[in-house]
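What follows is one structure encoded as structure tokens, with my remarks underneath.
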Amino acid sequence: MTAKEYKETVDAALEQYFHAESFPFAGLAESMRYSLLAGGKRIRPMLVLEFCRISGGDMKAALPVACAVEMLHTYSLIHDDLPCMDNDDLRRGRPTNHKVFGECTATLAGDCLQAEAFGTILSSALPPERKAACAGILAGAAGLDGICGGQYMDMVWEGRALRFEQLNDINNRKTSALLIAACQMGVAAAGGSGEMLDCAARYAAAVGLAFQIRDDMLDVLSTEQELGKPIGSDAQEQKNTFMALYGETKCAEMVRKLTEAAKTALKEGGFDDVSFLCDLADAMAVRRS
């Protein structure tokens with residue numbers, strides 16, 4: 001599949017979730033769907049499906065797992081945007097969830113999407129041991145040593161001058177953890193080997209760090225129209241970023257080296273054709289949004 005075909009497949013599958021027009025909690029379902037169906041590149045579900053394919057699995061059977069990782073990602077975005085966190089007004093070119101539905105409903109929408117992500121995996125048609133493996137991987141990425149821990153570290157270290165190791169520690173949890181989970185869940189859904197799981201994690205860790213560095217660059221170099229959200233907010237809020245620490249030239253070189261490391265990891269994993277994932281890493285390294 002092409003990236004466009006993957007996105008269309010995932011978008012069509014996500015459209016089937018959380019229709020609750022006739023229930024008292026229809027407003028909550030509407031809030032969940034508002035953010036879940038707001039677009040985006042669908043990189044994480046794409047990684048699930050492609051790693052499943054190159055590990056010899058059935059992508060159709062893994063589609064609920066791909067949807068689940070996007071549900072959990074969407075929950076994290078809704079909560080990141082809340083007034084008590086980043087207090088953002090725009091996400092993907094549209095008003096953020098709490099601006100449309102209110103802070104309480106947005107908080108509940110995020111909570112519900114996280115729970116439904118695990119329910120979606122566990123109710124899939126995958127063999128029980130593969131469902132359990134996928135759910136365990138996702139839980140690790142979401143919890144104390146993943147997204148939540150990373151968000152806390154970002155919050156409590158705000159205003160302090162951080163070294164590369166500390167910035168990377170935050171990124172490993174806030175950004176890379178879910179990318180690693182997506183890749184490994186694809187392998188797990190296919191029943192892939194331990195070597196495949198390890199190489200998938202190496203690929204995702206390199207791509208994840210490159211993604212965050214590029215994100216920091218775009219907050220300075222991009223436009224609000226390209227990015228779909230306000231730019232310059234990192235500098236205004238005196239956030240610790242790779243761009244602030246190293247500048248554009250050094251950041252660009254780091255992204256290049258990490259992208260090459262990601263492609264090297266793929267070639268050592270014993271996978272089938274990895275050209276799509278190599279091309280994806282290259283595209284993410286030069287993205288403008």
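The values are calculated or read from the model by the stated rules, or taken from the named source; none is laboratory data. No experiment lies behind these values; they were computed from the predicted model shown. Cβ atoms come from the backbone with ideal geometry, glycine included; neighbour counts cover every protein chain shown. The accessibility values were calculated without ligands, DNA or RNA, using every heavy atom of the protein model including side chains. Shrake-Rupley method; radii C 1.70, N 1.55, O 1.52, S 1.80 Å.
Okay, residues lined up against (1) touching a residue at least 24 places away in the same chain (Cβ under 8 Å); (2) aliphatic (A, V, I, L, M):
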| residue | (1), (2) |
| --- | --- |
| GLU158 | yes, no |
| LEU167 | yes, yes |
| ASN172 | yes, no |
| ALA177 | yes, yes |
| MET185 | yes, yes |
| SER193 | yes, no |
| MET196 | yes, yes |
| ALA201 | no, yes |
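Filter the range 12-49 down to residues that are farther than 17 Å from TYR75 by Cα and of a type in the set (A, V, I, L, M), then give me how many there are.
Residues in the range 12-49 being farther than 17 Å from TYR75 by Cα and of a type in the set (A, V, I, L, M): 8 in total.
What is the residue count in the range 256-281 for residues that are in a helix (DSSP H, G or I) and open to solvent by 60 Å² or more (accessible area, probe 1.4 Å)?
So in the range 256-281, the residues in a helix (DSSP H, G or I) come out as 256-267, 275-281.
Cutting the leftovers down to open to solvent by 60 Å² or more (accessible area, probe 1.4 Å) gives us 256-257, 260, 264, 267, 279.
Here the count works out to 6.
Could you give me the residue pairs with C-beta distances under 7 Å whose first residue belongs to the range 100-116 and is more than 13 Å from PHE18 (Cα to Cα), whose second residue is aliphatic (A, V, I, L, M) and open to solvent by 40 Å² or more (accessible area, probe 1.4 Å) wherever it lies, and which are 6+ apart or on separate chains?
Here the result reads THR105/LEU28; LEU108/LEU28, each pair linking the range 100-116 to a residue that is aliphatic (A, V, I, L, M) and open to solvent by 40 Å² or more (accessible area, probe 1.4 Å).
As an exercise: evaluate ALA210 against (1) over 21 Å from LEU82 (Cα atoms); (2) open to solvent by 20 Å² or more (accessible area, probe 1.4 Å) and give the number of the one condition it does not meet.
(2)
Taking the range 1-25 as the region of interest, how many residues are in contact (Cβ under 8 Å) with a residue 40 or more places away in the chain and open to solvent by less than 60 Å² (accessible area, probe 1.4 Å)?
Looking only at that region, the number is 8.
Here is a yes/no grid of residues against (1) surrounded by fewer than 22 Cβ atoms within 10 Å (Cβ to Cβ); (2) under 16 Å from the mean Cα position of the chain (by Cα); (3) modelled with pLDDT under 95; (4) farther than 27 Å from LEU28 by Cα:
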position: VAL100; (1), (2), (3), (4): yes, no, no, no
position: LEU108; (1), (2), (3), (4): yes, no, no, no
position: CYS112; (1), (2), (3), (4): yes, no, no, no
position: GLY119; (1), (2), (3), (4): yes, no, no, no
position: LEU122; (1), (2), (3), (4): yes, no, no, no
position: PRO128; (1), (2), (3), (4): yes, no, no, yes
position: GLY146; (1), (2), (3), (4): no, yes, no, no
position: TYR152; (1), (2), (3), (4): yes, no, yes, no
